[in-house]
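Step one of this worksheet: look at the structure below.
The values are calculated or read from the model by the stated rules, or taken from the named source; none is laboratory data. Source: prediction; values computed, not measured. Counting neighbours? That spans all protein chains shown, and the Cβs are built from the backbone with ideal geometry, glycine included. Ligands, DNA and RNA are stripped out before the accessible areas are found, and what is left, the full protein with its side chains, is counted by its heavy atoms. Shrake-Rupley method; radii C 1.70, N 1.55, O 1.52, S 1.80 Å.
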Amino acid sequence: MSKHEWEQDPAELLRVGEDFALKEVDADATPGFSGDKEDGEEELLRREEVLDDLQERLFASRHEGGPAVLLVLQAMDTAGKGGIVRHVVGGVDPQGVELAAFKAPTPQELEHDFLWRVEKRLPRPGFIGVFDRSHYEDVLIGRVRELADAAEIERRYEAIVEFERRITASGIRIVKVMLHISRDEQKARLMERLERPDKYWKYNPGDVDERMLWDGYMAAYQTVLERTATPDAPWYVVPANAKWYARLAVQELLIDVLQDIDPQWPEAGFDVEAEKKRLEAS
């Protein structure tokens, strides 16, 4: 087997199952892929062609009620969500991608249930939707920062499971990814932003405030993974200290779900031979 190939399907290897423990995940690991950074970057480019072809077929065959894909990216700050968007999703035709980055809710959004703004941003048939942060913020920050009481947080877990059950039934395939970095790696990445003028724009002093609550966030993530990983909307925990590996793993997860959908090129809605003759005569 070439070192440029996966030794085990990451969709199986990284999927959260029973008795999953986040604390046991080695953020430095590159499970299932034996190559190094150079190998991984080469494989990312090679598999980009496969992802691009599948995405184009999905977009070309879009129709009312047809399938769509939703990639949910959750992580601590600096874990590489932006890199996934640029280097993985950025490798396909942007007209078939819908990106939503959920920030703190607006006053209007706070007048509604927490899922109201999320439902408005679900991908249309034929599209790949990307949530850079998502409805899970409401049971992560909401819990750690005590923005809602315990009873409301508990209600939200159940609401999320029902919401995702409903949208998967409508034809949206959900790929939920937690990019898992270590506390030391996050510190190094934040320090890099302070040492490089071209990275200042990425630095947010609030990231250090959230970092001080690291243990609380890890506990909140553990509960999220336990309570909301379902057969139709599984969670994948991707070790992300090695950026190249995280990108490669998410790319493969997207390829896996698109291959399962198996979108086909649509048949021509016109007489091909007649159109050839008309074109020749034009």
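The table for this structure:
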| read-out | value |
| --- | --- |
| Residue-normalised accessible area of the chain, given per residue in Å² at a 1.4 Å probe | 53 |
| Exposure ranking of 248, 99, 13 by accessible area [1.4 Å probe, largest first] | 99, 13, 248 |
| Under the Karplus curve 6.51 cos²θ - 1.76 cosθ + 1.60, θ = phi - 60°, whole-Hz ³J(HN,Hα) for the range 57-66, x wherever Gly or Pro sits | 5, 4, 5, 5, 9, 4, 7, 4, x, x |
| Between helix 214-228 and the chain: long-axis angle, C-alpha atoms, 0 to 90°, nearest 10 | 50 |
| Dipole axis of the range 147-279 (+1 Lys, Arg; -1 Asp, Glu on Cβ), positive-most option in 241, 178, 257 | 241 |
| Extended-chain gain in nm, criterion 0.36 nm per residue less alpha-carbon gap, residue 145 and residue 222 | 26.1 nm |
| Pairwise centroid distance, computed over Cα atoms, of the range 15-43 with the range 57-135, Å | 24 |
| Convex hull of the range 140-239 built on C-alpha atoms - directionally averaged projected area, nm² | 7.9 |
| Net length gained if the chain between residue 111 and residue 207 were fully extended (0.36 nm per residue, minus Cα distance) | 31.9 nm |
| Candidate residues 12, 146, 119: accessible-area rank, largest first, probe 1.4 Å | 146, 12, 119 |
| Efficiency of FRET from Cβ geometry, residue 24 and residue 166, R₀ 22 Å, rounded to 0.05 | 0.10 |
| The range 1-43 - convex hull of alpha carbons, volume per residue in Å³ | 77 |
| Accessible-area composition of the chain, carbon plus sulfur, in percent [1.4 Å probe] | 49 |
| Amide proton proximity set for residue 230, modelled H, under 5 Å, gap of 5+ | 235 |
| Estimated D of the chain in µm² per second, where Rh is the Kirkwood radius over Cα pairs and Stokes-Einstein applies at 4 °C, 1.567 mPa s | 64 |
| Nearest-ten-degree value, helix 272-281 long axis tilted from longest Cα axis of the chain | 70 |
| Whole-Hz ³J(HN,Hα) from phi, Karplus 6.51 cos²θ - 1.76 cosθ + 1.60, for the range 67-78, glycine and proline x | x, 9, 10, 10, 9, 9, 10, 10, 5, 6, 4, 6 |
| Cα centroid of the range 169-192 to Cα centroid of the range 229-282, whole Å | 22 |
| Cα-centre dipole for the range 95-223 with unit charges at Cβ (Lys and Arg positive, Asp and Glu negative), debye to 20 | 520 |
| Two-decimal Rg/Rh across the range 46-95, once Rg and the Kirkwood Rh are taken from alpha-carbon atoms | 1.04 |
| Cα principal axis extents for the range 102-197, largest first, Å | 46, 37, 25 |
| Net +/- balance of residues flanking residue 98 in space, Cβ distance below 13 Å, scoring K and R +1, D and E -1 | +2 |
| Coil-residue GluC sites (Glu not before Pro) of the range 45-115, DSSP, other Cβ within 10 Å capped at 11 | 64, 111 |
| Estimated D of the range 95-140 in µm² per second, where Rh is the Kirkwood radius over Cα pairs and Stokes-Einstein applies at 37 °C, 0.692 mPa s | 289 |
| Flagged links, alpha-carbon separation over 20 Å, of 23/187; 120/243; 23/202; 37/202 | 120/243; 23/202; 37/202 |
| Stokes-Einstein D in µm²/s, Kirkwood radius over Cα pairs - the range 37-156 at 10 °C with 1.306 mPa s viscosity | 98 |
| Long-range amide H partners of residue 175 with built H, under 5 Å | 70, 71, 72 |
| Charge dipole magnitude, Cβ of K and R +1, D and E -1 - the chain, Cα centre, debye nearest 20 | 840 |
| Candidates 138, 36, 198, ranked by Gaussian network fluctuation over the chain, Cα under 10 Å, top entry | 198 |
| Computed E for residue 282/residue 63 - FRET, C-beta separation, R0 22 angstrom, nearest 0.05 | 0.15 |
